[in-house]
Structure formats: structure tokens, C-alpha cells
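Working notes, structure below.
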DNA sequence: ATTATAAAGTGTATTAAATACACTATTAAA
DNA sequence: TTTAATAGTGTATTTAATACACTTTATAAT
């Protein structure tokens, strides 16, 4: 037996929703599309799946192409398969989302694609059904971050509690009491307090913390509940 | 512009993990594969995505083909895209999982495929990477059911609290105190107590309940936490 | 040198939710 | 009418979540 000869073959793409945090706002990285159709319009970074690579490999390749980063948090989000989503030819696209330390990505590479960071509240019109992909990714990151410590992936390896709290407040668009927040976060055993301080954010300076990687991997799947009253979260 | 002429096209399939509950054990529906390769071996119900249909349409078609059911709970799970997963020709497959009332499906149709229900703990060897698909589906259904009231989709429209509790205990492989369980479940406002009883399960009989559909849709996304200590749940 | 300023850091009392736990009610069958 | 099997219900205890305000520290301004 050679092939499933009677079946139709389709184009398969992957698109990446790349999240970054600048200390204040959660953002996504978009490029100016370099080819037709929709050339010059804002788009997610994506590409066709090659015969030699798995979907995970394809998404990692595309992420690296734009950011220079490897080994970062990258998770399959959803596969979008409406027949009309690409006007040129039917293309099914598997969307992935990445969480990166915004300071680590190589601006040089992004310049090649005329890439720009956009705050989630000011995402421009995107091509095809990518608006829906971004909305799905926003919901997923909120959902998952309410239960699992994924947001650390957006921070540098050393960070302060005020920075972490600002990140959570930004992602969930809420304010949290800092006494309760630090109690909850420290109670997880996920953080190691370091001896030195970040003096950039304030006169007094805030102690740096880093992840206890052993506990991080062990507790990653636990429901951590950093967010007060998550009952109203939408999936 | 006509086509993305230089790109390789791939086969795209969907596979369905169909869950049912017989009052005692959570089960999945498998078929004996009717064509090569792996003809005659146990397999998920699946099929190739046709040019005219979306992925959601394809999965609904395949579910109906095997069970006769439409409009039931069907959710995209994950897309499996390793290059070697199908030995005949590269095929990417998007897995969906369905939750059905086991009593509603048409046994006749299933007979055409030599289908059988298997308890989750006694799933036979499956073709390709379908073992992994089933494991992923088991994790997902547990995860989601710990937070959202999806398990009602497995029950008939009228059910008793003991039946519901047995279902939760079966899915999570645990035992729950019935006083605390009924308190939690009834506190959600999701259930309407009916006047008559199911006399099949006991001499005394247990009151039937049905879903309050308005509250069900309204609270579907809320974190309900029916399961004691979900902190140890694995994603 | 002194003072003002701005953010970091910390503790306790209150409230709400989760848990542990055991007896009574009902009805069919013996 | 007695037995057996499951349904149904309440309370006390423990644990977790929440609300809430002052002190500390270091720089910058006077």
C-alpha cells in the first residue's frame, strides 16, 4: 500500500501569538506581512508546515525566525480550519502561543520583519481570522495563568514582587492587595529571595526573587489560585 | 494571485474520542478499522477532512456517522502532527472529544463499524498515536470537569444525585462524602428537583433532578470546584 | 544637615468556605 | 413484621480568603 490516493491534501500553516511584558502592559508581537495576499498588513508570525517537520517543530522554527529565541514557553492553542479563512487557497492553521522575556528577543531579527509590540488593548486589524486567534490566546493565557504559574515565563530570571504583582494585575486587569498577594505567592514555595535589590523602580529598592525551579516543575500543574475570586473568569 | 504554488499539501484527518457513562464506569467508543493499514485493529472513529468542510464540521460528521447523534458536546482537543504518525503517508490529525448520553446512541450504526465501549482502564492497543490522543483526552476531561459542569453531558436529561455522584467518583477515581457533595452541587443552582423518583437503583428511590439550563449556560465558565482538593489534578 | 517623597515591606482580625462526621427515613423483599 | 439496602439530611471544626494601615528605607530636594 502506497498512499491514501483518493484524498484531498491541504495546506497546513502555524501561526504564533507571541506575548511579552514590558513591566507595565501585556503585549503581542506582530509583523508586517511580506507577501501577497494582504502584503504590508499587520499579521501574526506564521508559516507553512514543511514535509520534514512536526507542528511543534514548525512553531519553534517560526518563533526563532522572528525572535531568535529557542527553548521558551510555546504551547499549542487551537487549530483553525474554516474553509474560507484564507482567500487564496484553503489553509488550515494551528495557532501556538509563546510567552517570552521581552528583553531577550533580538530586535535585529524583528526589524527584518518590521515587527512591533502592541498592547493587547490596541491590537490593530489583523489579516484573515487572526483576530479570533488572538482573542482565543488572550482567553487561554488568562485562564491558564489563573491556575498555573505560567506568567513567570514573561519575566527575567530575577524579578521583584512589585514587578510580579504588576504583571498579574495587568493580565487580569484588576488590582490586588499587596499584602495578600505576597502572602499567596510566597506560600507556594516557588520563590527564592535573593540578597540584592532592584533599585530602578524605587528609592528604597525591592528585593529580587528567582524561581525555585524544582518546586516550579513540581507544582506547575497544581491549581495555585493567585487571583482573588476567579469564579468570574471566562474561558 | 492564484495559489501558494510552492508549498507542500498534507492530508488532514480528524479523530474522535467519544466518552460515555454507563452508570458505573467512564468508557470510550472504539471501532474496528475497516481499511488498510491496521485493518481490523481497534481505532478511534476518524476520517479525512473534506475540501468542503471545516474541522468542526468534519468532526460532527464523523461523530454522527458512528453514533447517529447531532448537537452533542464536541470540543477540539489537540492537533497531532508528528511526521511519522501514519506509516503510509504523512497525515496531521486534529482530535476532538465528545461527551454523549450512552443510552442515546444508535447501536445499529455502531454495529456497522463493529464498535465497542471500553472502560478507560481497559482500553486496548490502538493504532498510530491514538493511545496518546486518548491519554490527552482523559487528562482534559478530568481537568475541565474539575472546574466546569461538563459531566452533565454524559447523563440523561433526568438523573439522580447518587447517579451524579457516582459519575464524579468514577471520573476522578475517588470517593466523595454524599452530604458535602449534595451541598456543593445544589448550591450551584444548576439543578431543579423533580417530583418523581427513580426506583430502579434502590427500594426507597432517589429523586430525579434536571439541569436548570439558564443557570447552566450562565455558570458554565465559572470555576465550580465540585472536587475536593483539586490541587493534585494533573493537566 | 534636614525634610519631603515615593515605593517596599509587613501582621492581624474577620469572614467565608471546605471539611469531617452519623443518624433517620423509606420501601421492597424475605 | 422484620430485614436489608440505599436515600436523605445538619452541625461543629478547621482552613483558607479577605479586608485593612502603618512603618521602613533611600533618594532627591531644600
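The values are calculated or read from the model by the stated rules, or taken from the named source; none is laboratory data. Since this is a predicted model, take the numbers as computed values, not measurements. Cβ coordinates were reconstructed from backbone atoms using ideal geometry, including for glycine residues, and neighbour counts include every protein chain displayed.
Considered as a group, the residues in segment B:13-72 that are more than 26 Å from residue B:83 (Cα to Cα) and in a strand (DSSP E or B) include one that is nearest to the chain's Cα centre (by Cα), and that residue is B:19. Are any of the residues in segment B:98-118 closer than 28 Å to residue A:48 by Cα and either at pLDDT 95 or above or at the interface with chain A (Cβ under 9 Å from one of its Cβ atoms) (or both)? The answer is no, given that none of the residues of segment B:98-118 is closer than 28 Å to residue A:48 by Cα and either at pLDDT 95 or above or at the interface with chain A (Cβ under 9 Å from one of its Cβ atoms) (or both).
Would you confirm whether or not segment B:220-227 contains a residue that is within 14 Å of DNA strand D (Cβ to nearest atom), modelled with pLDDT under 95, assigned to a loop (DSSP other than H, G, I, E, B) and farther than 23 Å from residue B:76 by Cβ? Scanning segment B:220-227, I find at least one residue that is within 14 Å of DNA strand D (Cβ to nearest atom), modelled with pLDDT under 95, assigned to a loop (DSSP other than H, G, I, E, B) and farther than 23 Å from residue B:76 by Cβ, so the answer is yes. Entry remark, segment B:187-224: residues being within 12 Å of DNA strand C (Cβ to nearest atom) and closer than 29 Å to residue A:145 by Cα number 5 in total.
In the set (1) within 14 Å of chain A (Cβ to nearest Cβ); (2) assigned to a loop (DSSP other than H, G, I, E, B); (3) within 13 Å of DNA strand D (Cβ to nearest atom), the condition left unmet by residue B:201 is number (1). In the set (1) without any contact (Cβ under 8 Å) to a residue 40 or more places away in the chain; (2) within 14 Å of chain B (Cβ to nearest Cβ); (3) more than 16 Å from DNA strand D (Cβ to nearest atom), the condition left unmet by residue A:191 is number (2).
Scanning segment A:208-219 for residues that are modelled with pLDDT of 90 or more and surrounded by 13 or more Cβ atoms within 10 Å (Cβ to Cβ) gives A:208, A:209, A:210, A:211, A:212, A:215, A:216. Within segment A:168-181, if we keep just the residues that are under 14 Å from residue A:138 (Cα atoms) and in contact (Cβ under 8 Å) with a residue 24 or more places away in the chain, the residue that is farthest from DNA strand D (Cβ to nearest atom) turns out to be A:170.
Here the condition is being within 15 Å of the chain's Cα centre (by Cα), buried (at least 21 other Cβ atoms within 10 Å of the Cβ) and closer than 11 Å to residue B:20 by Cβ; of B:145, B:137, B:98, it holds for B:98 alone. Within segment B:37-61, the set of residues being in contact (Cβ under 8 Å) with a residue 12 or more places away in the chain and within 14 Å of chain A (Cβ to nearest Cβ) comprises B:37, B:38, B:46, B:47, B:48, B:49, B:55, B:56, B:58, B:59, B:60, B:61. Flag: residue B:128 does not match the condition of being within 13 Å of DNA strand D (Cβ to nearest atom) and within 14 Å of another protein chain (Cβ to nearest Cβ).
Screening the candidates B:184, B:139 for the property of being within 14 Å of chain A (Cβ to nearest Cβ), touching a residue at least 40 places away in the same chain (Cβ under 8 Å), within 15 Å of DNA strand C (Cβ to nearest atom) and not in a loop (DSSP other than H, G, I, E, B) yields one hit, B:184. Determine, yes or no, whether residue B:92 is modelled with pLDDT of 95 or more, crowded, with 17+ Cβ neighbours inside 10 Å and closer than 15 Å to residue B:19 by Cβ. Against the criterion (modelled with pLDDT of 95 or more, crowded, with 17+ Cβ neighbours inside 10 Å and closer than 15 Å to residue B:19 by Cβ), residue B:92 does not qualify. Look at (1) crowded, with 19+ Cβ neighbours inside 10 Å; (2) more than 11 Å from every other protein chain (Cβ to nearest Cβ) and you find that residue B:80 fails only one, number (2).
Taking the conditions exactly as written (within 15 Å of DNA strand C (Cβ to nearest atom), surrounded by fewer than 18 Cβ atoms within 10 Å (Cβ to Cβ) and more than 14 Å from chain B (Cβ to nearest Cβ)), does residue A:122 satisfy them or not? The answer is no for residue A:122. The residue of segment B:160-181 that is farthest from residue B:213 (Cα to Cα), among those that are away from DNA strand C (no atom under 13 Å from the Cβ) and touching a helix residue (DSSP H, G or I) at 6+ places or on another chain (Cβ under 7 Å), is B:171. For residue A:156, the criteria (1) within 14 Å of DNA strand D (Cβ to nearest atom); (2) in a loop (DSSP other than H, G, I, E, B); (3) at pLDDT 95 or above hold in every case but one, which is (1). The condition (being within 14 Å of chain A (Cβ to nearest Cβ) and either closer than 19 Å to residue B:156 by Cα or near DNA strand D (Cβ under 7 Å from one of its atoms) (or both)) is satisfied by just one residue among B:217, B:208: B:217.
Scanning segment A:143-159 for residues that are more than 12 Å from DNA strand C (Cβ to nearest atom) and over 14 Å from residue A:224 (Cβ atoms) turns up A:153, A:154, A:155, A:156, A:157, A:158.
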